[in-house]
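Participant: There's a structure below that I have some questions on.
The values are calculated or read from the model by the stated rules, or taken from the named source; none is laboratory data. Remember, predicted model here, so these are calculated numbers, not experimental data. Every residue, glycine as well, gets a Cβ built from its backbone with ideal geometry; the counts of neighbours run over all protein chains shown. To get the accessible areas, we keep the full protein, side chains included, count just its heavy atoms, and leave off ligands, DNA and RNA. Shrake-Rupley method; radii C 1.70, N 1.55, O 1.52, S 1.80 Å.
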Amino acid sequence: MKVGVLQFFSWPDRSRPLEQVYARALERIDVMEDTGYDAVWLAEHHFTGYSVCPSVHLMGTHVAARTRRLRIGTAVTLAALSHPLRIAEEVALLDVLSGGRVNWGAGRGFERSEFEAFGVPIHESAPRFREAVEIVLAAWTQPRVSFEGRFHRVKDVELMPKPLQQPHPPTWVAATSEDAIGWAASRGLSILMDPHSPHAEIARKREHYRRTLEAAGFAFAGREIPMARLLAIAETASEAEAIARRGASWTVGAYVHPQLLAGFRPGAERDLDPIEHYLRDVVIHGTPAAVTEQLLRLREEMFLSYLMIAPLSEGSFRLFTERVLPLLRAHTP
């Protein structure tokens, strides 16, 4: 099982200077470099204390300078909000500066306030995102790129620099809806799976992706499907549940409002209380031993081969690193 961290830069109550938030996150990344994590995946958000990281590419260059082994992922570059040639340039530059350690994850985003602030109609988010991904990949792999699309027209542009990794950095697209999964599969793209859907729903979507990918003529074997899971660990189950409840409350209050959650939970359960939605079968929480047992079970039930943890407390990260990660490594075939 590969293990990475979905790194947020949360500033929940603004009671301490923002630079301390960044310092703590970077200290965590130093620990990841030294303890066998596969990648840090940097989360892009705008205009919210939920995560104050408006440029994952800029943050990625700082991470690259502090590390030598750890891969640097974007989870995600909000491709619908930027010009695709700018994205292609910045990610390629990061790949060169990091020595070829970029994992490029792209997504369209779903927060209306971000689209309104940037003057991008949210109903155009999906086609803008898809067009941007196509242009980025073309710019990386062609000597000169030309493209005629609905939103962008590119004529005979030579992208510089090109990425160090050839033909391009490993690429994933965030896919939550069946429509998004179908689009990714139809183009042979790998997917990132969200931290807000129940475990069983993640498993169902992963199988839908596999079937659709193979039907489109692409091989599934060997693909890495990072699955993001919120995580709360403590010495007792009750302490872990309290951390999970606080984290769920913050997530719902700061970013993922109940209307959006309806899209993550299928069928008759869509009206479930938002906090209970997370506590029931989204956040992995418990003692280190219980969490290890849950993850080993989910490896079978959810086809979990690449875990992307989003710790809900600093203690959760520490206990995972010290007492869960070594056991997962020991159980990896």
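Participant: Would you tally the residues in the stretch 67-100 being open to solvent by 10 Å² or more (accessible area, probe 1.4 Å), in contact (Cβ under 8 Å) with a residue 24 or more places away in the chain and part of a helix (DSSP H, G or I)?
Facilitator: Adding up the residues that qualify gives 7.
Participant: How many of the residues in the stretch 6-21 are of a type outside the set (S, T, N, Q) and either open to solvent by less than 60 Å² (accessible area, probe 1.4 Å) or closer than 17 Å to G315 by Cα (or both)?
Facilitator: Qualifying residue count for the region: 8.
Participant: From the set of residues in the stretch 301-333 that are touching a Pro at 6+ places or on another chain (Cβ under 6 Å) and either farther than 20 Å from H199 by Cα or without any contact (Cβ under 8 Å) to a residue 60 or more places away in the chain (or both), which is surrounded by the most Cβ atoms within 10 Å (Cβ to Cβ)?
Facilitator: L319
Participant: In addition: Just name the residue that is nearest to F115 (Cα to Cα) out of those in the stretch 29-58 that are open to solvent by 30 Å² or more (accessible area, probe 1.4 Å) and of a type in the set (A, V, I, L, M, F, W, C).
Facilitator: Looking at residues that are open to solvent by 30 Å² or more (accessible area, probe 1.4 Å) and of a type in the set (A, V, I, L, M, F, W, C), I get F47.
Participant: In the set E214, E224, which member is part of a helix (DSSP H, G or I), open to solvent by 40 Å² or more (accessible area, probe 1.4 Å), charged (D, E, K, R) and farther than 30 Å from P274 by Cβ?
Facilitator: Every option except E214 fails the conditions.
Participant: Taking the criterion of being more than 29 Å from V252 (Cα to Cα), free of Cβ contacts under 8 Å to residues at least 12 places away in the same chain and acidic (D, E), would at least one residue in the stretch 32-49 satisfy it?
Facilitator: Yes, because at least one residue in the stretch 32-49 is more than 29 Å from V252 (Cα to Cα), free of Cβ contacts under 8 Å to residues at least 12 places away in the same chain and acidic (D, E).
Participant: Does S249 satisfy the criteria of being more than 24 Å from S51 (Cβ to Cβ) and in a helix (DSSP H, G or I)?
Facilitator: no
Participant: If I ask for residues that are of a type in the set (S, T, N, Q) and either over 20 Å from L78 (Cβ atoms) or surrounded by fewer than 20 Cβ atoms within 10 Å (Cβ to Cβ) (or both), which ones from the stretch 120-170 would you list?
Facilitator: If the condition is that a residue be of a type in the set (S, T, N, Q) and either over 20 Å from L78 (Cβ atoms) or surrounded by fewer than 20 Cβ atoms within 10 Å (Cβ to Cβ) (or both), then T141, Q142, S146, Q165, Q166 are the ones that fit.
Participant: A follow-up question, please. Select from the stretch 111-161 the residues that are more than 30 Å from Q259 (Cβ to Cβ), β-branched (V, I, T) and in contact with a strand residue (DSSP E or B) (Cβ under 6 Å, 6 or more places away or on another chain) and list them in ascending order.
Facilitator: Scanning the stretch 111-161 gives I135, V145, V154, V157.
Participant: Pick out the one residue from A139, A117, A79 that is under 27 Å from M227 (Cα atoms), modelled with pLDDT of 95 or more and of a type in the set (A, V, I, L, M).
Facilitator: Going through A139, A117, A79 in turn, the sole match is A79.
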